[in-house]
1. For a quick protection proxy, order the peptides 230-238, 171-179 by their average other-Cβ count within 10 Å, most packed first.
2. Sort out for me the Cα centre separation of region 156-224 from region 30-76, rounded to whole Å.
3. Which value, in debye to the nearest 20, gives the size of the charge dipole of region 6-122 about its Cα centre, when Lys and Arg are +1 and Asp and Glu are -1 at the Cβ?
4. Using a Gaussian network model of the chain with C-alpha springs under 10 Å, which one of Gly287, Gly321, Gly70 is most mobile by mean-square fluctuation?
5. Given the Cα-Cα distance of Leu186 and Val239 and 0.36 nm per residue of separation, how much length would full extension add, in nm?
6. Using the crude model of +1 on Lys and Arg Cβ and -1 on Asp and Glu Cβ, and no other charge, please compute the dipole size for the chain relative to its Cα centre, in debye to 20.
7. Using modelled amide H (1.01 Å from N, peptide plane; none on Pro or chain starts), what sits under 5 Å from the amide H of Glu206, excluding residues fewer than 5 places away?
8. Report the one residue of Tyr221, Phe200, His210 whose Cα lies farthest in the direction of the positive end of the charge dipole of region 180-223 (charges on C-beta: Lys and Arg +1, Asp and Glu -1; origin at the Cα centre).
Amino acid sequence: MTDVRHDAENLIETPVELSVVIPMFNEEDALPALVGRLRPVLDGTGETYEVVAVDDGSTDRTAGQLEDLGVIWPQLRVVRLARNSGHQAALTAGLHHARGRYAASLDADLQDPPEKIPEMLALARSRRLDIVYGVRVNRATDTGFKRRTAGAYYWLMRRLVGNHVPAQAGDFRLLSRTVLDALKALPDQPQVYRLLVPWFGFPSGEVAYHRDARVAGHTKYPLRKMITLAVDSVISFSVAPLRLATWLGVLAFFVCLAVIAYTLAVYAAGATTPGWTSLIVAVLFVGAVQLICLGVLGEYLGRVYTAVQQRPTYYVAEDTGTAAVPVAGIA
Ligand code: UDP
Ligand code: MG
């Protein structure tokens, strides 16, 4: 008689060839279209695969839809986070739970075409690459505002972090087990994957794709989240703002020296100093520089504080992968 539990454990541990990680937050409108396009592509590859759907604390019917889908799609695994933790944290959860020899990550709104995944996999295998970036050749379907802010973001990141950061590569990419294990070994801190992944320096390639419009629903990246991503990106990969603060301080120092020299000269000449304007200018200028520098220090200190607390970036409330055996029964 076979030990069913033992078999199940074995199957759970059996690595699949490909994991597809999809963070989703309130994607009830996009989910049916996503599954309709993704599943035929993955079934058609003939590879063993799992889909790791990370429900990032959705408050709509996403969770229910995923549960229903799990019944008819054995390769679907749902990792449900206890609350909305943000796109990058959801991606972290998905990548940590992925069991594949390769893992592709894509958005739930079909802006990243699933049809490109086999191409990415083939490229990674044939050229022994650890990373294949999906690089957007056009963003015609994005709003002008999104295009301009994205352009400024990639320009700044390449200047601050280095030219190894591919421009116009978002979170649609394929990673090998080597990279997944390297990511897992890092301390659990908020990560910005589009900067972290190139930072390792693993061999990488690119696959070009057209960025389509969001298939349904509306963006889950309001300006507030975009700013958070931009600040996290700069702070986690660069000390340039701290250096800038130092230079601002140096500049303020020389301006103050000049003002002091002028004041003394006026005093020595025996003239009554009108004084008020220069005084106000000096006080306000120095005050402003100090506030800016304090703000910059505060941003870094905040990151250090968060890191010291060592709270996980996400908390998994449920993982169907521990109960279901998604690798069984694949042709
Ligand atoms: N997302 C998430 N948590 C969030 C915000 C977004 O998991 O707090 C997911 C979202 O469901 C989508 C992906 O991240 O799959 C990208 O978000 P979206 O398409 O809204 O961003 P945009 O394309 O507008 O920049
Ligand atoms: Mg989108």
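Every read-out reported here was derived from the displayed coordinates using simple, explicitly stated rules and does not represent laboratory data. Just so it is clear, the model here is predicted, and its values are computed rather than measured. So basically every Cβ, Gly included, is an ideal-geometry build from the backbone, and we count neighbours across all protein chains shown.
1. Peptide ranking by packing, descending: 171-179, 230-238.
2. 22
3. Here the size comes out at about 180 debye.
4. Result for the chain, Cα springs under 10 Å: Gly287 fluctuates most.
5. In short, 17.1 nm is gained.
6. So the dipole magnitude of the chain works out to roughly 1400 debye.
7. Placed amide hydrogens put Tyr133 under 5 Å from Glu206.
8. Most positive-ward Cα: Tyr221.
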